[in-house]
Amino acid sequence: MECYHFCTIIGKEYIFKGLALYESLEKHAKKFHLWICCLDDISLQLLQRIDLRNVTLIPLESIEDEQLLSVKESRTKAEYSFTLKSPFVLYILNNYNFVNSIMYIDGDLYFFSDPKPIYNQWGDGSIFIAEQRLVKNFRDSGTYQAGLIGFKRDSNAFQCLEWWRKKCIEWCFHRHVGDLWTDQGYLNTWPELFSGVIISNDSGINVGPWNEGNFKSTPNFTVRNGEVYINDDLLVVYHFSGFVAISEVEFDLCNYCRVNEDSINHIYIPYIREIQKAIKKVKSIDNTFTYGFANRIRLSKSRKKAIHYYKYSNN
């Protein structure tokens, strides 16, 4: 049976989301390994204590070189994590020869079913990317989404990764400059620059708040035999971009737009339950841990600033 290799970058603020992502792989991937780059000692030590199976923790210092360190202070933590994606993938491929393909996934993704359809679409291709399909009222942030990208162990993929690494060290900021935006704008040119680029337009593989409005049927999401579908496509993975935990029972479902009721019932409530399980797991190890919450000290301010405030108790 094929082992799916995934990698993600997690800091202390993303611990709850990272644990939810891991649990979704445990539930749906028959055989997988998750490589986690820990952005700080707090996340590294906590995850070491949780002792997750099928996980390899990589300290940030193992990835960093002089070029990365030279730009680190000029970028926010989020911008630096964007810059780290290609160096992290290269680190895994260069140091673990048994990894023949690796899928980078953002820490706020969650799998609702087996990842196999991704790999079926990827097939013999070298690089896997997915269309972003932005709704009309969203500012353009690229044709393709950088939250889920696959690379095979071949010269073409290495060439792409080295190119992406160089470009992101030169410029990787959370602002729009021409066609550039974070690490994602660079993906626009990949189909022309590199061979073997497989582009997925499966609506169940690259779903997030930025493209839900593109689905015209009512409801957008349905449940059939316990599995979630978008129209006729099985929901494989959802990107909970903008999701913020305010407290154990209070959430901003998306801090840049509202999501519809159908999404809440079929997508967000199951995710909230996993986040609450992750909070409970972390508190059982360290009941002083508060990094996964936004503005923990100023709760009333966080509630007022929430774009889509939602309260949910699983008791």
Using only alpha carbon pairs under 8 Å that are at least six residues apart, calculate the relative contact order of region 1-80 and give it in whole percent. 30
Percent antiparallel among DSSP beta bridges confined to region 4-239, nearest 5, equals 50
Taking the mean number of other Cβ atoms within 10 Å as a proxy for protection, how do you rank 286-292, 29-35, 192-198 from highest to lowest? 29-35, 192-198, 286-292
Once every DSSP H run of n ≥ 4 in the chain is given -39500 (n - 2.57) and the sum is divided by its residues, what mean residue ellipticity at 222 nm do you get, rounded to the nearest 500 deg cm²/dmol? -10000 deg cm²/dmol
Compute the distance from the alpha-carbon center of region 234-311 to that of region 71-110, in whole Å. 24
In order over region 190-197: 3J(HN,Hα) from phi, Karplus 6.51/-1.76/1.60, θ = phi - 60°, whole Hz, x for each Gly or Pro, gives 4, x, 8, 7, 10, 8, x, 8
Just the isolated ones, please: cysteines in the chain lacking another cysteine beta carbon under 4.7 angstrom. C3, C7, C37, C38, C160, C254, C257
Check which residues have an amide H placed less than 5 Å from W35's amide H, if you skip close sequence neighbours. F6, C7, T8, T56
Taking placed amide H atoms and a strict 5 Å upper bound, the residues 5 or more places from I198 or on another chain that come that close are S126, I127, F128, I129
Could you give me the radius of gyration and the Dmax of region 42-133, taking only the C-alpha atoms into account and expressing both in angstrom? 15.5, 41
Can you tell me which of 258-267, 239-248 comes out highest on packing, and rank the rest after it, using the mean Cβ neighbours within 10 Å? 239-248, 258-267
Provide, for q = 0.14 Å⁻¹, the log10 of I(q)/I(0) from a solvent-free Debye sum over equal Cα point scatterers in the chain. -1.16
Residue by residue through region 36-42, what is 3J(HN,Hα) from phi via Karplus (6.51 cos²θ - 1.76 cosθ + 1.60, θ = phi - 60°)? Round to whole Hz and write x for glycine and proline. 10, 8, 8, 6, 8, 5, 5
Taking Cα pairs closer than 8 Å and at least 6 residues apart, the relative contact order of region 4-239 in percent is 21
Estimated vicinal HN-Hα couplings, Hz - region 269-277 in sequence order (Karplus 6.51, -1.76, 1.60; Gly, Pro = x): 5, x, 5, 4, 4, 5, 4, 5, 5
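Laboratory data are not the source of any read-out in this text; all were calculated from the coordinates shown. Since the structure is predicted, the reported quantities are computational estimates derived from the model, not experimental observations. So basically every Cβ, Gly included, is an ideal-geometry build from the backbone, and we count neighbours across all protein chains shown.
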